[in-house]
Amino acid sequence: MGIFLCDCGGSLKNIDFPKISGDLEKLEDVAFIDISHSLCLEEGEKAITSRILSENINRVVIAACSAELREHKFVRLLEELRFNPSLLSLANIREQCSWTCEGDVTEKATELIRMAIGKARLLQPVERKNVPVNREVLVLGGGFAGMKSALELSRLGIRTTIVERKSTLGGKLKEVEGFYGLETSLKQMLDSMITAIEKDNNIEVLTSAEVTRVRGEVGDFDITIGGGRREFSLSFGAIIFATGYRTEILPQDFELKPGGNIISQLDLVEMLRAPEKLKRRPETIGFVLDVCDENSRLPTLSSLNNVLAVREKLGSEVYVFCKNLKVDSEGAEELYREARNRGVVFLKFDEPPQIYREDGRVTIKAKDVLLGEEVVLLCDLLVAEERALPPEGTKGLSSMLNIGTDSQGFYQDENVHLYPAASARKGVLFVGGCRGNLDLGRALTDIASAVMGSYSLLALGEAVVEVEKVRVDPEKCRACLTCIRACPHGAIQLLRVNTEKEVAQISDLACDGCGVCAAVCPAKAINFEGYSDEQILAEVETIGG
Amino acid sequence: MSMGTDNKIIAFCCEKSAYLAADRAGRMRLYYPDNVRIIRVPCAGRVDALHMLRAFEKGAAGVLVMGCQEGACQHLTGNLRAKERVRYTASLLEEVGMDGARVKMVNLGPDMAQKFVRVVKDMAEKIKER
Amino acid sequence: MIIAERKPFEEIKNMIAGYKRILVVGCRTCVTICWAGGEKEVGILSSQLRLQSGRNGNELSILEATVERQCEKEMVTQELGDKVQDIEAILSMGCGVGVQTIAEIYEDKPVFPALNTAFVGMPEREGLWIEMCAACGDCFLDRTGGICPVVRCAKGLLNGPCGGTRRGGKCEIDPEKDCAWVLIYRRLEKQGRLDLMRKYYEAKNYRKVKRPGKIEALEA
């Protein structure tokens, strides 16, 4: 093996490099030890290159700064030199040694390098290969998010198929009156999107159709679609969920059933479309929001929009009872201020208000937190807050695809902080209302993420995989299903290998390299190259001297 | 057991969180005990009871398993599995008469250098008392 | 399949007390699947034993091995053949059958069971195994809609509920359990076979020598 030590431009002064070199030279399987000032710069690369081309080594150990910074670079260099990068082992002697150590830094550095050496001895080459992937994307749901995703992907040259459960495209765009402040009317937006889609050769639309079965992995999802009496299978490289949300007034939020003068936001929107048809203009309208803490931003936004629309179209007095008005969406703060400027009164409560019908009107009783007093409002109309809920069929779809749902039933993101539009399964992405807490601005960002995500996965028509980096030994596998159940990415399936017994098989493309399967396997049948039990133990055992 | 192995702490660090937090501690020049040996893993969920026990067999005095904060694991439940395994390993240690507190699960984010240093120092203190 | 669990460590420790060279041998079949005695558990138990002996200053060297199926003589000898030579005692992490098979092959070596073989069962979910079959040798699941009252009825009744079923269809003896016969009734009802509930079956004849069970195949 070849060992390269880097002293970071001579700055790692508390490490005695010649001493380390002297110690390690004694090891039998070390071909050479080079001390460099800057492995990351051209000079260092040249040194590595010349050594690899001239010496007969089959493992490389590099002791330098953090793997986080430099691993990619070294890997790329080794690939260029046709040296399998899986045979590289790294030791962090800068950030995790020289910079934080007060005592015998050289001893610590030496041990860290020995750990890397111990691991290197056991490393095996992993082949990198290109596998073909299907460039087409399935978009589930033909609402705003779904249509926009398809249009954006088409611009990038990716063909999509929109599968919409209802008989027409549009989703919530057909039901909502508008967004106050948005210039285009939603109807116009919807019409222009549908026209664009109809004209677009890259987009196919299947309405009154639903997905009934999903098999396969990213790059090659085998989807069965049923519509009416037909059923057929199509193959896609990735799936974008744009199934939207539904709204409902939940009985636990409002004890009184809607009806008469307790209406939903949707009812209000209907009313506002044709205010002249009202028999009597409601003089006082009360809104009650935030009864459920967990509620999404969407109902809050529509409430604020509707409040302004009421002032404009009906001129009624409007009182809004709220707890924590969520105005962190783009434009929401302005809406709130505008509403206040227009005379809408906001009352903040802590305990949910009591609501009851009295003499043909509705009474709302709540303790205003700021006033410290109880406020009683008699209003002609009460607009109740709806909850944004996952659409029907979410449970079925999520179990069909083996993706999780969060505590409210919306699709579970892979990592809420880092990869918001992605699911735990590679190639399955979520956009729009079906992700839960959302507004227009965020939806647009999601769409951009998902589009770029699927594009980068599929654009080239092939993907690079590390072949059998995590591999199940079919001899040892007992098909106990533990790894299949444990894999967070749904990358393992039970398959018949060479017409013999059924064993677990890991998809190279779908695998995300977490190693959970290797850890849970009771038969120790899974080898994770680079982090196998033996390789990790080799590092552990080095400390024993 | 050779000299100097007596109070080593092995810290299995998830490459998405703890490993980065340790790097940050380095950039901030925050000193922590020299006897810590960081082993990089792709996810805290990769760490098995076997790895933790072997560390003790080889003379480690303490083992830390450091992963992402709950709810933030890229692999969804890797850190939760790690937590369970650490608990299990602690019970295995108790069975052989060792203090289960020598193995500990830690959750942190990639920028939490201070926390990294603090937990490492805490473990170093704890094992000194034995 | 056979479900087993590891004995308390204290018990295992006492079994091998005094021996200096032992072989810990697991099995790749049933006990691997129920996470009790596969290669992984062999590693973990061996690790614990080494830690234990290290702390007490005892000498203990452990050889680890795992057999494909401990209940097959050929497989045992194939895997363990030469390994047993210098061994003083064998700690088997197989089910009771495995322990006895090894003991029979290596008669001069003490063979100790590291597991308690519990029952014949299945995983209800990841990590949870429940008993499903009593191996009574006289299966009548055809008449009980596929639900076994020998296992699932606390009293093992063969002819309907005892009459003490609690509200909600719970067992008189164990209120956490469903009354097996309520479950059977409902299942048969779904299948339109309730007439089976009117058939009466004799109690099992335990006077006939049943153990050890023996079955011989007619075909070669």
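Quick look at the values:
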{"item": "Candidate set: region B:87-100, residues that are assigned to a helix (DSSP H, G or I) and acidic (Asp, Glu); chosen: the one nearest to the chain's Cα centre (by Cα)", "result": "B:Glu94"}
{"item": "C:Gly54, sole failed condition from (1) touching a Cys at 6+ places or on another chain (Cβ under 9 Å); (2) within 11 Å of another protein chain (Cβ to nearest Cβ)", "result": "(1)"}
{"item": "Verdict on B:Val103 being of a type in the set (Val, Ile, Thr), within 14 Å of chain C (Cβ to nearest Cβ) and under 12 Å from the mean Cα position of the chain (by Cα)", "result": "yes"}
{"item": "Residue list for region A:514-532, filter: open to solvent by 20 Å² or more (accessible area, probe 1.4 Å) and within 7 Å of another protein chain (Cβ to nearest Cβ)", "result": "A:Lys524, A:Tyr531"}
{"item": "Residues that are modelled with pLDDT of 95 or more and either closer than 25 Å to C:Leu128 by Cβ or among the charged types (D, E, K, R) (or both), drawn from region C:51-65", "result": "C:Glu64"}
{"item": "Candidate set: region B:11-39, residues that are facing chain A (nearest Cβ under 7 Å) and more than 15 Å from B:Val106 (Cβ to Cβ); chosen: the one surrounded by the fewest Cβ atoms within 10 Å (Cβ to Cβ)", "result": "B:Arg29"}
{"item": "Segments classed as strands (runs of 3 or more DSSP E), wholly inside region A:74-171, with at least 2 members that are surrounded by fewer than 20 Cβ atoms within 10 Å (Cβ to Cβ)", "result": "A:128-132"}
{"item": "Output for region B:65-79, where each listed residue is more than 8 Å from chain A (Cβ to nearest Cβ) and within 12 Å of B:Pro110 (Cβ to Cβ)", "result": "B:Met66, B:Gly67, B:Cys68, B:Gln69"}
{"item": "A:Leu537 being surrounded by fewer than 23 Cβ atoms within 10 Å (Cβ to Cβ) and over 30 Å from A:Ser89 (Cα atoms)", "result": "no"}
{"item": "Any hit, region A:364-371, residues being small (Gly, Ala, Ser), surrounded by fewer than 18 Cβ atoms within 10 Å (Cβ to Cβ) and either in the same structural domain as A:Leu509 (by TED's automatic domain parsing) or in contact (Cβ under 8 Å) with a residue 24 or more places away in the chain (or both)", "result": "no"}
{"item": "Residue under evaluation A:Leu298, criteria (1) surrounded by 21 or more Cβ atoms within 10 Å (Cβ to Cβ); (2) out of contact with any Gly (no Cβ under 6 Å at 6 or more places or on another chain); (3) modelled with pLDDT of 80 or more, criterion not met", "result": "(3)"}
{"item": "Residue within region A:477-498 that is among the small types (Gly, Ala, Ser), more than 14 Å from chain B (Cβ to nearest Cβ) and touching a strand residue (DSSP E or B) at 6+ places or on another chain (Cβ under 7 Å) present", "result": "yes"}
{"item": "Residue check for B:Gly97: on the phi > 0 side of the Ramachandran plot and either modelled with pLDDT of 90 or more or in contact with an Asp or Glu (Cβ under 6 Å, 6 or more places away or on another chain) (or both)", "result": "yes"}
{"item": "Selection status of A:Asn14, out of contact with any strand residue (DSSP E or B) (no Cβ under 9 Å at 6 or more places or on another chain) and within 28 Å of A:Glu80 (Cα to Cα)", "result": "no"}
{"item": "Test: B:Cys68 is surrounded by 24 or more Cβ atoms within 10 Å (Cβ to Cβ) and without any contact (Cβ under 8 Å) to a residue 40 or more places away in the chain", "result": "no"}
{"item": "Enumerated strands (runs of 3 or more DSSP E) restricted to region C:20-117, each holding at least 1 residues that are touching a residue at least 60 places away in the same chain (Cβ under 8 Å) and in the same structural domain as C:Phe9 (by TED's automatic domain parsing)", "result": "C:21-27, C:89-92, C:111-113"}
{"item": "Selected residue [facing chain A (nearest Cβ under 8 Å), open to solvent by less than 10 Å² (accessible area, probe 1.4 Å) and not β-branched (Val, Ile, Thr)] from B:Gly45, B:Gly62", "result": "B:Gly45"}
{"item": "Residue list for region A:97-117, filter: more than 8 Å from chain B (Cβ to nearest Cβ) and out of contact with any Leu (no Cβ under 9 Å at 6 or more places or on another chain)", "result": "A:Thr106"}
{"item": "Number of positions in region C:1-29 that are within 9 Å of another protein chain (Cβ to nearest Cβ) and either aliphatic (A, V, I, L, M) or crowded, with 18+ Cβ neighbours inside 10 Å (or both)", "result": "4"}
{"item": "Counted residues, region A:302-319 - those being hydrophobic (A, V, I, L, M, F, W, C), surrounded by 23 or more Cβ atoms within 10 Å (Cβ to Cβ) and within 35 Å of the chain's Cα centre (by Cα)", "result": "2"}
{"item": "The lone exception for A:Val465 - which of (1) open to solvent by 40 Å² or more (accessible area, probe 1.4 Å); (2) touching a Lys or Arg at 6+ places or on another chain (Cβ under 7 Å); (3) at pLDDT 90 or above it fails", "result": "(1)"}
{"item": "Residue count, region A:303-337 (criterion: closer than 18 Å to A:Asp439 by Cβ and part of a loop (DSSP other than H, G, I, E, B))", "result": "8"}
{"item": "Test: residue in region A:179-200 that is free of Cβ contacts under 8 Å to residues at least 60 places away in the same chain, open to solvent by less than 20 Å² (accessible area, probe 1.4 Å) and touching a strand residue (DSSP E or B) at 6+ places or on another chain (Cβ under 7 Å)", "result": "yes"}
{"item": "Flag for B:Ala82 being surrounded by 24 or more Cβ atoms within 10 Å (Cβ to Cβ), more than 8 Å from chain A (Cβ to nearest Cβ) and more than 22 Å from A:Met115 (Cα to Cα)", "result": "yes"}
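To keep it simple, each residue is scored yes or no on (1) open to solvent by 20 Å² or more (accessible area, probe 1.4 Å); (2) β-branched (Val, Ile, Thr); (3) in contact (Cβ under 8 Å) with a residue 12 or more places away in the chain.
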| position | (1), (2), (3) |
| --- | --- |
| A:Ile15 | no, yes, yes |
| A:Gly22 | yes, no, no |
| A:Asp29 | yes, no, yes |
| A:Ile33 | yes, yes, yes |
| A:Cys40 | yes, no, yes |
| A:Ala47 | yes, no, yes |
| A:Leu53 | yes, no, yes |
| A:Asn56 | yes, no, yes |
| A:Val60 | no, yes, yes |
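Conditions (1) open to solvent by 90 Å² or more (accessible area, probe 1.4 Å); (2) on the phi > 0 side of the Ramachandran plot; (3) touching a Gly at 6+ places or on another chain (Cβ under 6 Å), marked per residue:
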{"residue": "C:Cys171", "(1), (2), (3)": "no, no, no"}
{"residue": "C:Cys179", "(1), (2), (3)": "no, no, yes"}
{"residue": "C:Leu183", "(1), (2), (3)": "no, no, no"}
{"residue": "C:Arg186", "(1), (2), (3)": "yes, no, no"}
{"residue": "C:Glu189", "(1), (2), (3)": "yes, no, no"}
{"residue": "C:Leu194", "(1), (2), (3)": "no, no, no"}
{"residue": "C:Lys199", "(1), (2), (3)": "yes, no, no"}
{"residue": "C:Ala203", "(1), (2), (3)": "no, no, no"}
{"residue": "C:Ala217", "(1), (2), (3)": "no, no, no"}
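The values are calculated or read from the model by the stated rules, or taken from the named source; none is laboratory data. What you see is a predicted model, and the numbers here were worked out from it, not measured in a lab. We place every Cβ from the backbone using ideal geometry, glycine too, and count neighbours over all the protein chains shown. Surface accessibility is based on the protein's heavy atoms, side chains included, excluding ligands, DNA and RNA. Shrake-Rupley method; radii C 1.70, N 1.55, O 1.52, S 1.80 Å.
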